[in-house]
Amino acid sequence: MEVDTAASWPTLRALPSPATTPVVASGLAAELAYALGGPFHFLLPDAFTANLVAMQDALTQAGVDGFVYYAKKANKAAVFVERAAAGGAGVDVASVAELREALGHGVRGEHLMVTGPAKDPALLRLAVTHSATIAVDALDELDRVISLALTGRVRPARVLLRVLPGTQPHSRFGMNEGELTTALKRCLQAGDAIRMEGFSFHLSGYDLQPRADLAARLVDLCLTARLQGLEAGRISIGGGLPVSYTDAGSWHTFLAAQRPAHYHARKTFRTGDFYPYHSPVSGADALAALLASHPENTDSTLADLIGDAGIELLLEPGRALLDQTGATVFRVQGVKDRDSYRIVTVDGTSLSLSEQWFNSEYLPDPQLIPQDQPAPAPAGVFPASVGAATCLESDMLTWRKIAFPHPPRVGDLLLYPNTAGYQMDSNESPFHDLPLPPKVVIDRIDRPRPRWRLDRHFT
Ligand SMILES: *Cc1c(COP(=O)(O)O)cnc(C)c1O
């Protein structure tokens, strides 16, 4: 087999994860792979708490009255909901099952945000009963909420009106100008049955300026609604805080260098379809930058606009709260040679790496963890793509030929870094009757050997 030079194979080194190192170095990852007999995810909840605290600090430092809701759809584990509740955050849910999970794992009803289009009547009823905030997506939904609140006579329904972004006019979510005007009238007519708390949006993409601009528009909408006698004291800016998986140099070098020959079967991806694996500011820093930015047509910062209007800022981060909170481990089950590279087959599927299902590729380099073998593996550059243990030609965990530092061998482990945000379980399925990879919670890393348990659902 041809041994290529390192320079000719683009790499995308993941940012270091201090909490992952002891899981590998202590031998725990290998022991778990043996014990569980298949791929598994491990979760690092302390990193979740740190991300949450950093966001709450960014709000405080900007002098903004704010509240963080963890967007639960980004990961199904119970432990993150528990950490959100313990950290004084709420949870953003979009189904009865998610709402039940959040309540069952310690989140108070009034700290729930219910989003999603055309919500199930059972979900709306539970939301009203538990005093959750409902981000209303359409006029017919608002009517259902009002009639529930009127007939239930338990408590008023708390609503935000979701706005169709002017910059994303083809979005299927939110209400346009005319619908918002009608919605405000209906809220007024509903009287005490409704608490119209304000407005919300969720933008796709990760740029900050469109978020600042739209947030400023929501502040104006609140001021107008208040003139009509509505409460309108909160705005939600949704999710989409960017996450950096790699450093700037690696990302830009990678984008410039990568070409079809670097992928199995000369597979091509549109670079615009890649998640932006590096952002100049990310996570809590991106929140701080957003608050310090100037929305269009104003000299004020977003933080000042919000403060001056006496508004509470809500956000619903998913991916950014989950940055560096987990990884996924597969075992190499087979290795075959191709002309200038190898195809490694692992004991799981790309259903445990969701990015592969969006015309895209999860790009951070997986880490090869060699296991005890009769002879040490030679060092060098050994390109290999990673396939799944299924009968689908297209089921590849990584089309790209990864420049491994050793030849991958059967029994070695392959660790995909930073997978907790959306990669682990949004697309998982027991395809081929393969079991779903379990989630292992690493509670404590501050001991010679990290302490672990399985993630536990109470429902
Ligand atoms: C998915 C979603 C989020 C979370 O988005 P991230 O990009 O993970 O931060 C927040 N709010 C709504 C309404 C969503 O649909």
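Being in contact with a helix residue (DSSP H, G or I) (Cβ under 9 Å, 6 or more places away or on another chain), open to solvent by 10 Å² or more (accessible area, probe 1.4 Å), on the phi < 0 side of the Ramachandran plot and in a loop (DSSP other than H, G, I, E, B) holds for only one residue in Gly166, Gly106, and it is Gly166. Among the residues here, Gly109 does not qualify as among the small types (Gly, Ala, Ser), more than 25 Å from Asn176 (Cα to Cα), within 14 Å of the ligand (Cβ to nearest atom) and without any contact (Cβ under 8 Å) to a residue 60 or more places away in the chain. The single residue among Arg162, Arg211, Arg172 that is assigned by TED's automatic domain parsing to the domain that holds Ala288, among the basic types (Lys, Arg), within 16 Å of the ligand (Cβ to nearest atom) and touching a Gly at 6+ places or on another chain (Cβ under 6 Å) turns out to be Arg162. Residues of the stretch 306-341 that are more than 16 Å from the ligand (Cβ to nearest atom) and surrounded by 20 or more Cβ atoms within 10 Å (Cβ to Cβ): Ile306, Ile311, Ala327, Thr328, Val329, Phe330, Arg331, Val332, Tyr341. Filter the stretch 138-159 down to residues that are open to solvent by 10 Å² or more (accessible area, probe 1.4 Å) and not in a helix (DSSP H, G or I) and give me whichever is farthest from Ala94 (Cα to Cα). Here the residue is Arg153. When you look at Ala388, is it within 30 Å of Asp213 (Cα to Cα) and either of a type in the set (A, V, I, L, M, F, W, C) or surrounded by 21 or more Cβ atoms within 10 Å (Cβ to Cβ) (or both), yes or no? Spelling it out, it is not the case that Ala388 is within 30 Å of Asp213 (Cα to Cα) and either of a type in the set (A, V, I, L, M, F, W, C) or surrounded by 21 or more Cβ atoms within 10 Å (Cβ to Cβ) (or both). When the stretch 172-206 is filtered for residues that are exposed (fewer than 15 other Cβ atoms within 10 Å of the Cβ) and within 24 Å of the chain's Cα centre (by Cα), the ones remaining, listed by number, are Arg172, Ser204, Gly205. Residues that are out of contact with any helix residue (DSSP H, G or I) (no Cβ under 8 Å at 6 or more places or on another chain) and surrounded by fewer than 20 Cβ atoms within 10 Å (Cβ to Cβ) within the stretch 31-49 comprise Glu31, Leu32, Tyr34, Ala35, Leu36, Gly37, Gly38, Asp46, listed in sequence order. If only residues of the stretch 73-92 that are part of a helix (DSSP H, G or I) and open to solvent by 10 Å² or more (accessible area, probe 1.4 Å) are counted, the one that is nearest to the ligand (Cβ to nearest atom) is Lys73. Of all residues in the stretch 175-208, those that are within 16 Å of the ligand (Cβ to nearest atom) and in a loop (DSSP other than H, G, I, E, B) total 8.
Of these, Asp285, Asp323, Asp273, which one is acidic (Asp, Glu), in contact with a helix residue (DSSP H, G or I) (Cβ under 7 Å, 6 or more places away or on another chain) and touching a residue at least 24 places away in the same chain (Cβ under 8 Å)? Walk me through how you get there before you give the answer.
Values: Asp285 fails: in contact with a helix residue (DSSP H, G or I) (Cβ under 7 Å, 6 or more places away or on another chain); Asp273 fails: in contact with a helix residue (DSSP H, G or I) (Cβ under 7 Å, 6 or more places away or on another chain).
None of the others qualify; the one that does is Asp323.
Scanning the stretch 229-254 for residues that are farther than 16 Å from Ala320 by Cα, surrounded by 15 or more Cβ atoms within 10 Å (Cβ to Cβ) and among the hydrophobic types (A, V, I, L, M, F, W, C) yields a total of 5.
Which members of the stretch 57-71 meet the condition of being open to solvent by 50 Å² or more (accessible area, probe 1.4 Å) and of a type outside the set (Ser, Thr, Tyr)? Step through it out loud before you land on a result.
Initially, the stretch 57-71 is screened for residues open to solvent by 50 Å² or more (accessible area, probe 1.4 Å), giving 57, 60-61, 63, 65.
If the condition is that a residue be open to solvent by 50 Å² or more (accessible area, probe 1.4 Å) and of a type outside the set (Ser, Thr, Tyr), then Asp57, Gln61, Gly63, Asp65 are the ones that fit.
In the set (1) outside any loop (DSSP other than H, G, I, E, B); (2) polar (S, T, N, Q); (3) in contact with a helix residue (DSSP H, G or I) (Cβ under 9 Å, 6 or more places away or on another chain), Gln333 fails one condition alone, (3).
It is to be established whether one or more residues within the stretch 114-133 are closer than 30 Å to Asp308 by Cβ, over 19 Å from the mean Cα position of the chain (by Cα) and within 15 Å of the ligand (Cβ to nearest atom). Yes, the stretch 114-133 contains at least one residue that is closer than 30 Å to Asp308 by Cβ, over 19 Å from the mean Cα position of the chain (by Cα) and within 15 Å of the ligand (Cβ to nearest atom).
The values are calculated or read from the model by the stated rules, or taken from the named source; none is laboratory data. Not measured: the values here are computed from a predicted model. A quick note on method: Cβ atoms are made from the backbone with ideal geometry, for glycine too, and the neighbour counts reach across all protein chains shown. SASA here: full protein model, heavy atoms, side chains in, ligands and nucleic acids out. Shrake-Rupley method; radii C 1.70, N 1.55, O 1.52, S 1.80 Å.
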